[in-house]
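Take a look at the structure below.
The values are calculated or read from the model by the stated rules, or taken from the named source; none is laboratory data. All figures in this text were calculated on a predicted structure; none of them were measured in a lab. Reconstructed Cβ throughout: ideal geometry from the backbone, glycine too, with neighbour counts over all protein chains shown.
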């Protein structure tokens with residue numbers, strides 16, 4: 001155990017060991033308690049949304065034409081379940097774009113399910129594990145769609 005003289009203090013309640021401060025001690029107390037959150041998603045009934053997802057590390061999200069059909073089938077099932085109107089989609093090698101109208105405010109739940117169902121199907125089909133799509137979709141304002 002170190003003697004008490006090895007512990008210093010820059011301010012009351014902050015311990016310093018042998019002249020090295022913790023990075024936590026450099027932030028104000030209010031910032032330490034507050035988690036960093038993602039931006040708010042604009043989600044409301046009757047909105048048009050541009051949804052996109054990219055392959056993990058920009059890798060391909062479809063390897064064969066059958067994968068394309070599996071994604072389209074999953075989109076159809078999800079659109080029926082969440083009462084979406086899918087106006088357009090573009091499925092490319094490493095990402096997809098989707099223009100969808102949501103009569104109910106359920107975009108996040110639906111895109112999470114679409115991405116999850118496709119990932120499970122893709123991984124089972126190709127005997128893979130792990131992510132197929134990276135991160136959450138970026139927030140996009142539906143106001144530019146007319």
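Listed values, structure above:
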quantity	calculated
The one condition in (1) more than 20 Å from the chain's Cα centre (by Cα); (2) at pLDDT 95 or above that residue 79 fails to fulfil	(1)
Residue identified as closer than 17 Å to residue 126 by Cβ and in contact (Cβ under 8 Å) with a residue 24 or more places away in the chain among 78, 61	61
Scope the range 75-107; condition out of contact with any helix residue (DSSP H, G or I) (no Cβ under 8 Å at 6 or more places or on another chain), over 19 Å from residue 58 (Cα atoms) and surrounded by fewer than 13 Cβ atoms within 10 Å (Cβ to Cβ); matching residues	76, 80, 83, 87, 88, 103
